[in-house]
Structure formats: C-alpha cells, structure tokens
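Undergrad: This structure is in structure tokens; I'll ask about it shortly.
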Amino acid sequence: MCSVSPDKRRKMESALEQLKKHTVVVADTGDFNAIEEYKPQDATTNPSLILAAAKMAAYQHLVDQAIKYGIAKGGPEEEQVTNTMDKLFVSFGLEILKKIPGRVSTEVDARLSYDKDEMVARALRIIALYEEAGIKKDRVLIKLSSTWEGIQAGRELEEKHGVHCNMTLLFSFAQAVACAEAKVTLISPFVGRIMDWYKENTAQKSYEAHEDPGVISVTKIYNHYKKYDYTTVVMGASFRNTGEVKALAGCDLLTISPSLLGELSKDHSTVTPMLTVQKAKACDLEKVHLDEKEFRWQHNEDRMAVEKLSDGIRKFAADAIKLETMIKEKMLNVKNGQ
C-alpha cells in the first residue's frame, strides 16, 4: 500500500481544510442554508445579515412566527415590534444552532450602543428566549458594539450573569485593550472595513495581504493578547478577500462569509499559520491599562476607528429600522386578517 507524502496531501487539501487546522472557522451569515457544506464550528449574525435573510422567501415562516409571538405578548405597538425583533433574531439563531456544533452570536440592537443598562437588559432577554427554546447560554454569544458603554455592559454580563459576549465593531487598539481588561469572552476586530477606510482616505488604493492595515491591526491585537495572557480570544471579522483570511491563519477564530468560504474551499494553495503564541510572546509590545478617560482619548486619536465605529453603529441601526418597518407592515396585515 503506497502512502501519500505530506506535501501531496496538502496539495489535495483545500485552503479551508488547512485553515481549520490552525483556526476555528466561523460562518458569518443569517442564511443558514448556506453554511452546511462548509461545516463551520460557530456562526455569527448581525442586523444587516438578519435583514438580508428575512427578505428571502425561504425564511418567511420565521418572520411570521416571530410576528405571531410579538402580537401575543401584547402591550403597545412599539413593545410588540421589539419583542418580534428579539424573537426573530433568536429564531435565526436556533436554526443556525441545528447546523453547527458550536455557538451562535446574536446582536443587541445597535441603537442601544451608548446605554449600558439597556444593553444588559436586552441581552438577558435574548438569553431568556434561547433558554425557553432549550438552548443553554454557553452556546450563545451576545454581540455588543465596542463603545465604552458596550464594553462595560459586556463586563457586567460576563461577571454577574455568566453570559458570554462578542464585542463587535472593533477598530482601535484602545477598544481591544478595554475589552481584554473587561474580561469579555471574545472580540471581533474588523479587517475589511479598516482597509476600506484607508482606500477611501489615502492615496493607496490596493494592498497586498501582509501590508493590509486591517491585517496589521488584528495581528497587533492578537500578539498583545497572547503576550500578556489575556483570556479574551480574537475572532477576525469583515473580510474583503481570501488573502486577508490567509494572512490571519492561526488567529483564535475567523468569521467568514459563505462566498469567501466557497472560494477557500476551491483554493489549493498552502496555508501556513501566520499568527502564533510563540511569535506573540517574542513581540516587543508594552502592557497597556486604560481607564475610561484614557480609553476615550486613545480611541479618539485614531480617526479611522472613530469614523468606522460610528458609521458601523449607524448602518446597523438603519438596518434594524428597515427590519422594524417590514415587521410593522406584516403585523398590520396579520391584525387586519390579511
């Protein structure tokens, strides 16, 4: 019986299969029918992804069920819409959990990004809906905007309620440091949106993966976390191409859209871990501590991060409003017996 040489075997393996040896692969989508073939460990959703999926004919039954739930809960219209939204986000999460072995990330309304107490309350309501459906809270990550208030909401949810958090819309090193100090479970530093900003605001219009400012940002955060043994893990997010993904091989987790997962599954180039704990330990990075004043100053010094955080919150809020509008119209039809 002839054995296949390791080099030959690697050529037969896709980039996606190789990546899975170094990094936990996560699917970034609300379209749960699109994830089965790539066998991700976890999945992430956000208001924009849920809006896109809620418009698809295949998922109308979930929208209808959520509306029935919202109406049955009663109260003023605004409350019915909020309950419907929470139910809809959880319904997508429940369907995703049937298809993955790990965890799903469900996002708290971005319009609460500057209200710590409301974020905590909304997160606990989402967790309660999962628990009512028989899902333990350790299979759910609550996504919160990485504002100072969001990070402190994450701290409280982790410390007091044992709820795991995924801090999103993270663009600055200051945000990453504050999240680590808050001992949240996981952060989602964005890669592609950082590159977008540099393309729009500087003379350079294209980047090789190793010089991509988003890749450089996530690499620095990963190295800082590993060098100083923070428990928070790093999940690179928002990718524009497979080059960015491969340049972050070795990161704790990477959340990737189905279209890029498809490209990686057809790509047979060699993937080597670019991020390692050993490299991180050898890095020349100083340990940083940030209180609120220092956080706000450091974050504000990073123009890209300030603009991208506020832009991200606005975009998620706009999509939440679009989803609410769609729900209100459908609700009216149900109440009018149409």
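Undergrad: Would you check the range 185-272 for Lys pairs whose C-alpha atoms are within less than 24 Å, ignoring same-chain pairs closer than 8 in sequence, and give me the count?
TA: Working: K199/K220; K199/K246; K205/K220; K205/K246; K220/K246; K226/K246; K227/K246; K246/K266.
Here the count comes out as 8.
Undergrad: Roughly speaking, to the nearest percent, how much of the chain's 1.4 Å accessible area is carbon and sulfur? Walk me through the numbers before you get to the answer.
TA: On the way: 7910 of 15330 Å².
C and S atoms contribute 52 percent here.
Undergrad: At 1.4 Å probe radius, can you tell me the per residue accessible area of the range 1-114 in Å²?
TA: For the range 1-114, the per-residue accessible area is 47 Å².
Undergrad: Given a 1.4 Å probe, how much area per residue of the range 160-309 is accessible, in Å²?
TA: The answer is 43 Å² per residue.
Undergrad: OK, next. Report the accessible area of T325, computed with a 1.4 Å probe over the heavy atoms of all protein chains in place, in Å² rounded to the nearest 10.
TA: 70 Å²
Undergrad: I would also like to ask the following. Order the following by accessible area, largest value first: I135, I221, I321. Probe radius 1.4 Å; ligands, DNA and RNA are ignored.
TA: Values: I135 30, I221 0, I321 85 Å².
Largest to smallest exposure gives the sequence I321, I135, I221.
Undergrad: Calculate, in nm to one decimal, what Q278 and I216 gain on full extension: separation in residues at 0.36 nm each, minus their alpha carbon distance.
TA: 20.6 nm
Undergrad: With a Förster radius of 35 Å, plug the Cβ-Cβ distance of H289 and S14 into 1/(1 + (r/R0)^6) and report the FRET value to the nearest 0.05.
TA: Rounded to the nearest 0.05, the efficiency is 0.25.
Undergrad: On to the next question. May I ask you to compute the full-extension gain from T270 to K21, defined as 0.36 nm times their residue separation minus their alpha-carbon distance, rounded to one decimal in nm?
TA: Length gained, T270 through K21: 88.4 nm.
Undergrad: Sticking with this one: So if I take the centroid of the Cα atoms in the range 31-86 and the same for the range 233-264, what is the distance between those two points in Å?
TA: 25 Å
Undergrad: Tell me, Kirkwood radius of the range 201-338 from alpha-carbon pair distances, in Å?
TA: Taking every pair of different Cα atoms in the range 201-338, averaging 1/r and inverting gives 18.4 Å.
Undergrad: Pick from S146, S310, S172: which residue has the top mean-square fluctuation in a GNM of the chain where Cα pairs under 10 Å get a spring?
TA: S310
Undergrad: Quick check on the chain: helices-only [θ] at 222 nm, where DSSP H runs of length 4 and up contribute -39,500 (n - 2.57) each and the sum goes over total residues. Nearest 500, please. Please report the intermediate quantities before stating the final value.
TA: Values: 15 runs with 185 residues, N = 338.
Counting only the DSSP helices, I get -17000 deg cm²/dmol.
The values are calculated or read from the model by the stated rules, or taken from the named source; none is laboratory data. Note that this is a predicted model, so its numbers are computed, not measured. Because the Cβ atoms are built from the backbone with ideal geometry, glycine has one as well, and the counts that use them run over all protein chains shown. Just the protein is used for accessible areas: all its heavy atoms, side chains included, with ligands, DNA and RNA removed. Shrake-Rupley method; radii C 1.70, N 1.55, O 1.52, S 1.80 Å.
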